[in-house]
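Here's the structure, in structure tokens; my notes come after.
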Amino acid sequence: MSSKSTRRMSIGDFLLRRLGEAGIRHLFGVPGDYNLALLQQLQDTGTLKWIGTCNELNASYAADGYARLNGLGALLVTNGVGPLSAINGVGGSCSEHVPVICISGSIPLRSIDRGLGMHHSMADGTWDHFLRAYAPVTAAQARLTPRSAATEIDRLILTAWREKLPVYMEVPSDIAYLEIEVPADPLILADPPSDPERLRSCIAAIAGRLSVAKSPAILIDADVDRYRVASELMELAEKIQAPMAAINAAKAVIDETFPRYSGIYAGKASEPHVQETIESSDCLLAIGYRPIEVTTGDFTASLPANTIQARGHSVDVGEDNYQAVTLKEVLRGVIDAVPRAVNRGPRDAAAPTAIQHGADASAKLTQAAYWQAIQGYLRPGDVLYVDNGTSFVTLGLKLPPNCTFVGSINWGSIGYSVGALLGALTAAPERRHILFIGDGSFQVSAQELSTILRHDHKPVIFLINNGGYTIERGYLGKDESYNDVANWAYAELPRVFRRDTSAQSFVVRTVGDFQKALRAPNDTMVFVESIMDRDDAPTAVIVSSNKGAELDYGPRGPQYRENAQLRPRAPGPSK
Ligand SMILES: Cc1ncc(C[n+]2csc(CCOP(=O)(O)OP(=O)(O)O)c2C)c(N)n1
Ligand SMILES: [Mg+2]
């Protein structure tokens, strides 16, 4: 066993080598004295490319966006101030199951040995605060020492990849240049193979149920993307002729033009045919299902009692729980084991929503006209980003083939999408990337636009300027100033952030202005600021906010005061 060959390498070089072997080609973050030694090794070896961000929160968002497209992402920050700035984003990666490696250049071991107070600490002679702070938002944490570095680096990277969760690593600033003995072989990202008997039994149990079912169906959550099993599930759906639905957190993970794809399932908030398909299935296969109020139409989701629950590394079928199985192996086995069904045709494709043509070009731009025009703007292969706010309407768009949808549905931290855009642009610069964001969310992380421009990326950014937090007005404070934000000259920001930018900026107020902006070629950044009414919000978003207030504040909450909430418009006389 111990015949593996080794070689001598500095700890920093070994860490960078391992990150590269794990498929990470870029590192996001902010320099600081405690991480500069490692950063210098990065420059000297050229293993990875450094993408400096304006702050660590944005670095954590970027590493997450990068990992969504690349499979794994990483950021480098400096002791205390860095990890605590980044922890919200890493918390999001934990909530959304995104494998991100957060590396902190930390206090030198010398100071820990001698109990020396250092900057970026609590000046209380303790050193473990940040490791402990990261325990709830990561699958593993460690401070490297020269003894542990070789094993801990591999353990943390593999844990992130296998669990699809973030990990946290401290690299004391005085050890990055020290040489240790490390494995000569490259790191292989792989799961341990399944236990053969458990795998066989699990496959037989699932295939047995699917084979006799009259109306099998498949429901997917985000883990289908994270474990990269969408193609297996589509193959299975094809073979057994079963319809598939996704919850919001897994939008576009299954190609929305796939004939077996029915739509988004969210309990009573689903389209009726989707709700029927899922809830009346006599054998539902759910993958990685983690319901919360916003993905279940406020807990109105009701899966059949005998639903098979499959996760990354375990499966529940009836009374039986299977451990030591991996999702991909289970699905491959089930595909082979089930007989091909012949008599279940795909559902008739839903008639496309009628597009209202002939809108007056001089008419004021409304949310309704806006999203209708966006629907027509989308192209196969686009990467779409949504932030919190009325832009959630994107969840209802019908996406062309091969699109990727990047959102933070469970965690929902505003500003995420701008950082994620930088990260995913870095991972896949050849694709067209389109951001949908509100003014309030944009103000959290707007400066990262400068990093996007600095690296010559060319995304399309659709910003809704409606004077503040409209989605929140549907909870409470319809007219309150706490839901207002400062009115920035958003469309001027590309030039502020890059003096020689060739970005095309548009400020639009009418349907005609908007259509003109949509015709702009994508050979530079396109930034479209759309000015819309504060109280103009899509009905689905308002209804969801109103219901959210009921859950949040209860029956005696302030939302029932006169005019406290933005409410759906009463249907007017039809024209
Ligand atoms: C970090 C963080 N702080 C606060 C919130 C609460 N929040 C959710 S949506 C939102 C406002 C979004 O406003 P905007 O981006 O302008 O979207 P709009 O609804 O106006 O289109 C806020 C403040 C949050 N989700 N995340
Ligand atoms: Mg807004």
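With every protein chain left in place, what is the accessible area per residue of the chain in square angstrom, probe 1.4 Å?
Each residue of the chain exposes 42 Å² on average to a 1.4 Å probe.
When the Debye formula is applied to the Cα atoms of the range 32-125, each taken as the same point scatterer, what base-10 log of I(q)/I(0) results at q = 0.20, 0.25 Å⁻¹?
Listed by q, the Debye log ratios stand at -0.97, -1.23.
Taking the highest mean first, how do the peptides 175-187, 15-27, 140-152 order by number of other beta carbon atoms within 10 angstrom per residue?
Top of the packing list down: 15-27, 140-152, 175-187.
Starting at the first residue of the range 452-466, write each ³J(HN,Hα) from the Karplus equation 6.51 cos²θ - 1.76 cosθ + 1.60 with θ = phi - 60°, in whole Hz, x for Gly and Pro.
5, 6, 4, 9, 6, 6, 10, x, 9, 10, 10, 10, 9, 9, 10
Using alpha-carbon pairs under 8 Å, 6+ residues apart, how would you state the relative contact order of the chain in percent?
Relative CO of the chain lands at 13 percent.
Of K398/K478; K364/K478; K49/K458, which ones are farther than 24 Å apart at the Cα?
Going by Cα-Cα distance, K398/K478 fall outside the 24 Å limit.
Give me the aspartates and glutamates in straight-line cross-link reach of K547: C-alpha distance below 19 Å, same-chain residues under 8 apart excluded.
E271, E293, D298, E472, D479, D535, D536, E562
Report the semi-axes of the equivalent ellipsoid for the range 171-235 in whole Å, largest first, where each axis is √(5λ) for an eigenvalue λ of the Cα gyration tensor. Please list the in-between numbers first.
Working: eigenvalues 362, 57, 18 Å².
Whole-Å semi-axes of the equivalent ellipsoid: 43, 17, 10.
Lys/Arg Cβ at +1, Asp/Glu Cβ at -1, dipole of the chain taken about the Cα centre: which of L19, G548, S281 is farthest positive-ward?
Towards the positive end, the residue furthest out is S281.
Evaluate the relative contact order of the range 251-400 (contact order divided by residue number), counting alpha-carbon pairs under 8 angstrom at least 6 apart; express in whole percent.
Rounded, it is 19 percent for the range 251-400.
Taking only C-alpha pairs under 8 Å that are 6+ residues apart, what is the relative contact order of the range 33-155 in percent?
Relative CO of the range 33-155 lands at 23 percent.
What is the sum of charges around K251, taking Lys and Arg as +1, Asp and Glu as -1, for the other residues whose C-beta is under 12 Å from the C-beta of K251?
Once positives and negatives cancel, what remains is -3.
Report the net charge of residues surrounding V100, where surrounding means a beta-carbon distance below 12 angstrom and charges are Lys +1, Arg +1, Asp -1, Glu -1.
Values: positive: R68, K164, R226; negative: D64, E96, E163.
Surrounding charge for V100 is 0.
Under a 5 Å amide H to amide H cut-off, with H placed in plane at 1.01 Å, what residues pair with A341 once short-range neighbours are removed?
I240, Q241
Between the range 185-240 and the range 495-551, what is the C-alpha centre distance in whole Å?
The distance from the Cα centre of the range 185-240 to that of the range 495-551 comes to 40 Å.
Ignoring ligands, DNA and RNA, what percent of the accessible area of the range 183-262 is carbon or sulfur (1.4 Å)?
Values: 1730 of 2920 Å².
Taking all protein chains in place, the range 183-262 shows 59 percent carbon and sulfur surface.
The values are calculated or read from the model by the stated rules, or taken from the named source; none is laboratory data. It should be emphasised that the depicted structure is a prediction, and the values quoted were computed from it without experimental measurement. Glycine gets a Cβ as well: all are built from the backbone with ideal geometry, and neighbour counts include every protein chain shown. Side chains included, ligands, DNA and RNA excluded: accessible areas come from the protein's heavy atoms. Shrake-Rupley method; radii C 1.70, N 1.55, O 1.52, S 1.80 Å.
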